[in-house]
Structures are given as C-alpha cells and as structure tokens.
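This report refers to the structure that appears directly beneath it.
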Ligand code: SF4
Ligand code: SF4
C-alpha cells in the first residue's frame, strides 16, 4: 500500500489550481532495441541531465501539482542511477516505469518501490514479438521479466502496442494475462506529425503497422470494454476506450488536447514540451516562472485545437484532466486498486 504521507501529499496537490496532473519524463534517449515502429533508436543521444538535476526537476513537478509520473525513453532502466531516481520519485508521485523487457529482471532492487512497472510485449508469438522489437530473444526476456517481478511482489503490468500486426490477437493476449492475474494496458500505434522544431520523434511511419481493418479494431475495443467490466486486470479506462471507438467510427474527437495543461513532457536534457512532437518551450528548472505565463496560456489554446495525433497516453491524459477527470479515474480504477491490495496481502503472507 502507498505510505500515508504520500497519499496526503497527493491529495493536497490534487486541490492545487492551476495544476498539471501527468508528467511523462523520457529520461534517456538510449535504447537497446530496434522496434520497427519507433525512431528513438535511430537517433540516440548520450547527453542526459544528472541524478541531482533529475531530483531537482522532480521537486519542481511536485510543487506544480503533478500527481502521476511515467518514466520512459529510450529505455529508462539503462540509466545507472535509475534506482535512486525511482526511489525519489516514488515517494512523491504515482510512479510508473517502462521497460522493453530486457532490463527489469536484472534491476529488481531498483523497482521495489515503484507503483507500476510496464513491460512492453506485443505478441504471445515469440517470433512475431522478436520481429517487431527488432532483436532476437526479446520475447523470452520480457516473459522472464514479467515472471521475475511477479515472484518478487513488484506491481508488474504488460503494455502491448496495438497495430495492424497484432490487432487480431489483442483479445487473446489480454485474456492470457487476465488469467495470470497480471494487469494489462495498451499503447496504440501512431506516428509523428512532422512539426517543425518538435522536441524529438518517437513514432515512425510504417505501413505494416497502420490499422487498415477498422471493423476489427472496433470489435477489439468492444471486447476490451466487456473484459474490463468482468476483470480487475484491464487497466485502460472506459472513457479512453469510448473516445477511441468514437474516433475510429466517425473520425471525430470527443476530447480537446490538454498538452501543457493537464500533462507535459520532459526529455533527457531536461527540456519541457506540451508533447514530444511539439517544440521545447522551457527548461524544467524555469518551469515555475513560466507555468502561469500568458505565453503558456497561448500555447495551451493552440494545442487544444490540435488534432495531429492519437497517441493513447495523450488521449488518456487529456480525458482525465482537472478534478472531475481525476475523480472519474479514481472511480474507474477503484476495483483495480482492490485487486492490487489483495495481491499485496497475498505477497506479504507468502513472505515478500
Ligand atoms: S519502442 Fe521503446 S524499446 Fe522499442 S526502440 Fe523505441 S524506445 Fe526502444
Ligand atoms: S494532438 Fe496534442 S499531443 Fe498530439 S501532436 Fe497535437 S499537441 Fe501534441
């Protein structure tokens, strides 16, 4: 269970206004995989801000009212100081860290205090997964990481990216992990719109990944909506699935983008942007001075009209914004929290 000091601090921040709720910190640009739908590995950068600078940045995010932080990259677990960073972050935020499955089993001690470790795994078929990840052995390492973390009592979840390549097995993959009592949530394949001066690129355009079979996608969404009603292990919210379904069927967005409003992105150099495709607009250390500025309000208005991406995390952050969005989220996730609590009790009784 979360320590009560952390819960109190989260509650105090949730009442702060104006505030941002989610931060995603792409804390390294280094990656050891070669995924076919990603451009991070083609454009790596060895420059990173130091451990102390990251901690200072986390203090600033906490003061701004951020409640939830996601560490991604590159592969964040490739940083030697990741244990220290995660310990620091976990005391202040609901903390999630992503791994492509290659590092988590080797970094168990660094992961003990985080709220969620997300292992990305795109298929139950070993060959297909390794093809998508671009490296042999990826599937075995991911499965080993999932098993190891579960045995260690760490909150591990699985996060496949839904694309045309695995669309027809997403439901089976979901049922497989539900049966193993392992939470599952999703990314949705998208590629970057080429804004000039974007902070960096992630999604690479790849025809193989683009979803052509829209009816099949709607059926998958409907099945996930059904599975989430009967299972405690499907973590994507109803609001997010409903919004995606409506977008697929009609091309209309039921949300306004909340970039630089309810969410912000920080990169490995400590630069801040509304989303990774938009230009960096501040250093994290200058954020307190500019967060309430007229210039930022102008950017928020501009981003709220933007329709250039459908990255699922940004849709989720936009839908679950403000106090009502958080209350929706809490209601939605309540049964998942109960399942987690039961898991913790079981782990404690078995000695973890
Ligand atoms: S998707 Fe993640 S694991 Fe794959 S190359 Fe990109 S950053 Fe690395
Ligand atoms: S819709 Fe929002 S998150 Fe997506 S590119 Fe535009 S500003 Fe960025």
Looking only at 211, 154, 146, which one moves most when the chain is put into a Gaussian network model with springs between Cα atoms under 10 Å? 211
Using a Gaussian network for the chain with springs between C-alpha atoms less than 10 Å apart, which of these wobbles most: 263, 71, 200? 200
Provide 269, 12 in ascending order of the number of other Cβ atoms located within 10 Å of each residue's Cβ, fewest first. 12, 269
Going by a ≥ b ≥ c, the root eigenvalues of the Cα gyration tensor, does the chain fall in the rounded group (a/c under 1.5), the prolate group (a/b larger than b/c) or the oblate group? rounded
So what are the range 156-239's ellipsoid semi-axes, whole angstrom, largest first, if each one is the square root of 5 times an eigenvalue of the alpha-carbon gyration tensor? 26, 15, 11
With a point put 7 Å past each Cα toward its Cβ, work out how far residue 45 is from residue 304 in nm, to one decimal. 3.0
The chain, Gaussian network, Cα under 10 Å: of 45, 115, 197, the residue fluctuating most is 197
How would you rank 33, 233, going from fewest to most other Cβ atoms within 10 Å of each one's own Cβ? 33, 233
If each DSSP helix of 4+ residues adds -39,500 (n - 2.57) and the sum is divided by the residues in the chain, what number results at 222 nm, nearest 500 deg cm²/dmol? -13000 deg cm²/dmol
Per-residue Cβ contact counts at 10 Å, fewest first, order 260, 77, 64, 227 as 227, 64, 260, 77
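Throughout, read-outs are computed from the coordinates displayed, never taken from laboratory work. Not measured: the values here are computed from a predicted model. Neighbour counts are summed over all protein chains in view; Cβ atoms, including those assigned to glycine, are modelled from backbone coordinates with ideal geometry.
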